[in-house]
Amino acid sequence: MFKNIKYLLLSMFVVFKHLFKKPVTLEYPEKKITPPKEFRGKPVVKNCKGCGICLRVCPSGAIQIDKENSSFKIDLKKCIFCGNCAYYCPHGAIKMSEEYELASNDKEDLIMNYRIGGVDERN
Amino acid sequence: MSKLKLNLGPQHPSTHGVLRLILELEGEKISSCEPDVGYLHRGMEKMAEKLSYIQYLPLVDRIDYLAGFFYSELFCRTVEKALGIELSLRVKAVRVLLLELNRIASHLLWMGSFLMDLGAVSPFFYAFRERELILKYFEKISGQRMMNNYFVFGGLRRDIAFLEDVENIIKILPDKIRDYENLITENPIFIQRTKGKGILDKETAFNFGITGVNLRASGINLDFRKKDYLYEEIEFNPVVLDGCDAAARYKGRILEMKESIKIISQVLEILRLEKEFKQQLINPLNLTLPEGEYIQEIEAPRGLASIYIKSTGEKSPYRLKWRTGSYYSVNLLRNILKGAYLNDAIAISGSLDIILPEVDK
């Protein structure tokens, strides 16, 4: 009986100890965390040579390359953000950026259009 | 007495995923239980037959999203062994470090949700707070919290960094685990809910193929880490308890977390001495395994995980099969819930640490 009361008091002490601690959560839309350097967010393409190695390592088929029109598309609806394309790109053209707020009202917005070679041109 | 059929799940919050248990009740006693799995089936094994090895690698983390590193390591290991690649000591140590951190994170989540099932709310938040430390570290080194994709065939994506974070984690954790134990282990309500509930004797455990903590809490000393080549340099004692009940399984996981902390401190010692980072990466684009069958195993948080690959020398495996611990625990529910009260059903199934993505694959 006394043993039980002792442990109940002990556990109460543990819980009350937390009353005086700072909250560990963040009020999200107002305050934001800065993602770490290696964070895998939205893939960004720059100076692509169109070699097509990313196509062969992408597990979900999110990348589409059309060499004739020199267009390079990444479908963010299909992308699983594994980072394979960025890791295996021989020219370092694909980078996983720190952008993580990707929700959109339009499905078309989620298909990223890039150009092969030369300067980038989005959409 | 007439029997009542009751569906527990598939949307029940205590089943950790979508497990449906078809229970037959006689009064308040369960007379039979039929687990119905497959709600989370993603075709993980079939997918492997279409994708090349490097394309399949990121998906492997998703088999058990609470312990992704284990499956990633298992898949990488199979390819490495098949091609005869040796890992350097530093790479091996890093892998052990991450596996053990992952094991702690997985057990912490189990602890929180198990206590939540029993009706205790505070431990859930405490466990998630500590788990967050570990996941933050994973995010720092690999880029994502759970779908790490950090191990590659022959080594790691990049050298390990921020080891001071790990030191910080293993400095904080023992205190926190003491807090949990003060809160839970001797708590009379917790003891009444778990002591003597869900008895799993040695023979049944063996016959049903149970592994991991569930087996060791029934008094059988079987830890596959003892035979693992990654753990050759590391000393540890497997946690073996003979309580056979839900309370013993809880205690086993708490003790295993403490054991993991000891392993991590040993690994940090190795990493301090072994500074040179060298690895023998292979070009994954034309990667094929020699014709034959390959089997590897590892001690995952929820029991033995093993993989079977049959290769015909082509770019993707001819057949790939996963063996996961939870699948066998779900099957055990038929036996272990028989004769138990409905009130205890959640406590018993929760104590087995069932994770549905691992069951359905």
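Applying the condition of being within 12 Å of chain B (Cβ to nearest Cβ), open to solvent by less than 30 Å² (accessible area, probe 1.4 Å) and not hydrophobic (A, V, I, L, M, F, W, C) to segment A:44-89 and asking which residue is nearest to B:Met146 (Cα to Cα) yields A:Gly83.
Test A:Lys73 against the criterion of being part of a loop (DSSP other than H, G, I, E, B) and not aliphatic (A, V, I, L, M), and give yes or no. No: the conditions fail for A:Lys73.
Note on segment B:49-108: residues that are within 15 Å of B:Arg145 (Cα to Cα) and among the small types (Gly, Ala, Ser) amount to 5. Scanning segment A:1-24 for residues that are under 36 Å from the mean Cα position of the chain (by Cα), within 9 Å of chain B (Cβ to nearest Cβ) and open to solvent by 90 Å² or more (accessible area, probe 1.4 Å) gives a single hit, A:Val24.
Results for (1) under 16 Å from B:Glu34 (Cβ atoms); (2) of a type outside the set (Lys, Arg); (3) open to solvent by 10 Å² or more (accessible area, probe 1.4 Å), shown as yes or no for each residue.
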{"site": "B:Tyr294", "(1), (2), (3)": "no, yes, yes"}
{"site": "B:Gly303", "(1), (2), (3)": "no, yes, no"}
{"site": "B:Gly313", "(1), (2), (3)": "no, yes, yes"}
{"site": "B:Arg323", "(1), (2), (3)": "no, no, yes"}
{"site": "B:Gly339", "(1), (2), (3)": "yes, yes, yes"}
{"site": "B:Lys361", "(1), (2), (3)": "no, no, yes"}
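Taken over segment B:119-162, the criterion of being free of Cβ contacts under 8 Å to residues at least 12 places away in the same chain and in contact with a Leu (Cβ under 6 Å, 6 or more places away or on another chain) is satisfied by B:Arg145 alone. Residues of segment B:156-193 that are facing chain A (nearest Cβ under 10 Å) and of a type in the set (A, V, I, L, M): B:Ala161, B:Leu183, B:Ile184, B:Ile189, B:Ile191.
When segment B:27-83 is filtered for residues that are among the charged types (D, E, K, R), assigned to a helix (DSSP H, G or I), surrounded by fewer than 22 Cβ atoms within 10 Å (Cβ to Cβ) and under 21 Å from the mean Cα position of the chain (by Cα), only B:Glu45 remains. Suppose the filter is out of contact with any strand residue (DSSP E or B) (no Cβ under 9 Å at 6 or more places or on another chain), of a type in the set (Phe, Trp, Tyr) and crowded, with 17+ Cβ neighbours inside 10 Å; does B:Phe208 pass it? Spelling it out, B:Phe208 is indeed out of contact with any strand residue (DSSP E or B) (no Cβ under 9 Å at 6 or more places or on another chain), of a type in the set (Phe, Trp, Tyr) and crowded, with 17+ Cβ neighbours inside 10 Å. Note on segment B:118-138: residues that are acidic (Asp, Glu) and buried (at least 20 other Cβ atoms within 10 Å of the Cβ) amount to 1. The single residue among B:Phe114, B:Phe75, B:Phe153 that is within 14 Å of chain A (Cβ to nearest Cβ) and either within 20 Å of B:Leu255 (Cα to Cα) or at pLDDT 90 or above (or both) turns out to be B:Phe75. Apart from one condition, A:Lys31 fits all of (1) open to solvent by less than 40 Å² (accessible area, probe 1.4 Å); (2) within 28 Å of B:Ser122 (Cα to Cα); (3) more than 11 Å from every other protein chain (Cβ to nearest Cβ); the exception is (1).
For B:Glu86, are the conditions met, namely being over 12 Å from the mean Cα position of the chain (by Cα), part of a helix (DSSP H, G or I) and among the charged types (D, E, K, R)? No: the conditions fail for B:Glu86. Taking (1) β-branched (Val, Ile, Thr); (2) open to solvent by less than 10 Å² (accessible area, probe 1.4 Å); (3) touching a Ser or Thr at 6+ places or on another chain (Cβ under 8 Å) in turn, B:Ile346 satisfies each apart from (2).
Restricting segment A:7-36 to residues that are without any contact (Cβ under 8 Å) to a residue 40 or more places away in the chain and hydroxyl-bearing (Ser, Thr, Tyr) leaves a set whose member that is nearest to B:Lys176 (Cα to Cα) is A:Ser11. Taken over segment B:338-361, the criterion of being of a type in the set (Asp, Glu) and more than 14 Å from the chain's Cα centre (by Cα) is satisfied by B:Asp344, B:Asp360.
Across segment B:159-197, the qualifying residues are those that are touching an Asp or Glu at 6+ places or on another chain (Cβ under 8 Å) and within 28 Å of B:Gly68 (Cβ to Cβ), and the one among them that is surrounded by the fewest Cβ atoms within 10 Å (Cβ to Cβ) is B:Ile172. Is one or more of the residues making up segment A:110-119 buried (at least 16 other Cβ atoms within 10 Å of the Cβ), among the charged types (D, E, K, R), touching a strand residue (DSSP E or B) at 6+ places or on another chain (Cβ under 8 Å) and within 14 Å of another protein chain (Cβ to nearest Cβ)? Looking through segment A:110-119, none of the residues is buried (at least 16 other Cβ atoms within 10 Å of the Cβ), among the charged types (D, E, K, R), touching a strand residue (DSSP E or B) at 6+ places or on another chain (Cβ under 8 Å) and within 14 Å of another protein chain (Cβ to nearest Cβ).
Looking at B:Arg145, B:Arg129, just one residue is within 14 Å of chain A (Cβ to nearest Cβ), closer than 17 Å to B:Ile355 by Cβ and of a type in the set (Lys, Arg), and that residue is B:Arg145. Being out of contact with any Gly (no Cβ under 7 Å at 6 or more places or on another chain) and either surrounded by fewer than 20 Cβ atoms within 10 Å (Cβ to Cβ) or in a strand (DSSP E or B) (or both) holds for only one residue in B:Ile282, B:Ile298, and it is B:Ile298.
The values are calculated or read from the model by the stated rules, or taken from the named source; none is laboratory data. From a predicted model like this one, the values you see are computed outputs, not experimental measurements. Neighbour counts are summed over all protein chains in view; Cβ atoms, including those assigned to glycine, are modelled from backbone coordinates with ideal geometry. Note: accessible area is taken over every heavy atom of the protein model, side chains too, but ligands, DNA and RNA are not part of it. Shrake-Rupley method; radii C 1.70, N 1.55, O 1.52, S 1.80 Å.
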